[in-house]
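Visitor: Let me give you the structure first, and then I'll get to my questions.
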Amino acid sequence: MKNMMTKLGVLALASMFVLSIATSSCDPEGKPDNNEFDITLANGTWQCDTASMNGELIYGVNLRLTLNSNLTGEMVNNGYLPFYGTSFTYAISGNTITITPPNDPTHTFTIEKLTANTLQFSGSLDNDIPAATFYFHKATSNPIDEQLLIGHWASTRMLYDGEEANESVLLDFYEDHTGLGTFDGVTENNDFTWSMNGDRLTIIPRGDTNVVTVHELSTTTLHFSGMVELDHNEMRMEGWFARMMTD
């Protein structure tokens with residue numbers, strides 16, 4: 001099982017690198033006209049939140065990829081796929097991409113859909129692992145105004161490791177970068193400090209550091225996901241919140 005999970009991790013890593021094949025010669029469905037991709041469009045940062053295997057959704061995917069113009073890159077894993085972030089080199093030929101992480105064989109995968117902002121990629125490492133598909137979108141380059149986070153937020157939907165949770169979560173973010181969480185009415189030992197860096201929200205309760213990706217933040221809505229430690233258990237949490245007006 002451990003070996004299989006490690007291979008799945010490498011597959012996820014390889015799928016990240018597939019983003020390097022962003023193209024300018026795609027039809028509206030993201031299929032290349034001539035199987036040739038303009039790799040210069042891939043330069044930048046990409047985000048993968050969703051994957052599937054054998055038609056079933058894989059939860060806990062939170063991968064951030066940076067692709068450089070010199071055909072090197074770096075991947076950061078903020079989900080619970082069983083591998084750490086790594087650097088790599090990549091090459092593209094037609095609708096295939098070859099990925100070479102350090103101390104690992106080169107892997108070749110096929111791109112199924114690609115537009116300027118989205119990518120669908122699938123492949124398999126060997127006969128022991130079914131083909132998996134990863135879905136990417138271009139990460140936002142616009143900084144998030146952290147002032148929008150300050151206030152009182154109430155959950156409208158919560159997922160833990162992909163499972164719906166019947167739980168009430170309140171989050172208070174204060175101007176001095178401290179905060180308080182309330183879980184089903186319990187606030188004890190739920191104070192934290194917080195900071196923002198781009199679309200990364202860092203929450204530090206009781207010495208633990210949780211980094212989540214903010215997908216949406218407005219005057220009324222907050223949506224984020226990432227790996228967090230709750231009650232000494234590490235799990236992927238995804239939450240949707242609405243701003244609560246206070247007197």
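Just so it is clear, none of the values below were taken in a lab; they were calculated from the coordinates. This is a predicted model, so every value here is computed, not measured. For neighbour counting, all protein chains shown are included, and Cβ atoms are generated from backbone atoms with ideal geometry for every residue, glycine included.
Visitor: Residue 94's amide H: which non-local residues (gap 5+, or another chain) put their own amide H closer than 5 Å, with H modeled 1.01 Å from N in plane and none for Pro or chain starts?
Guide: 37
Visitor: Please arrange 90, 135, 174 by how many other C-beta atoms lie within 10 Å of their C-beta, fewest to most.
Guide: Result, fewest neighbours first: 174, 135, 90.
Visitor: Please give me the summed charge of the neighbours of residue 154: other residues whose Cβ is under 14 Å from its Cβ, Lys and Arg +1, Asp and Glu -1. Please report the intermediate quantities before stating the final value.
Guide: Working: positive: 157, 243; negative: 167, 172, 184.
With Lys, Arg at +1 and Asp, Glu at -1, the net is -1.
Visitor: If you don't mind, another one. How do 186, 61 line up, fewest other C-beta atoms within 10 Å first?
Guide: Numbers: 186 9, 61 24.
With the sparsest Cβ surroundings first, the list reads 186, 61.
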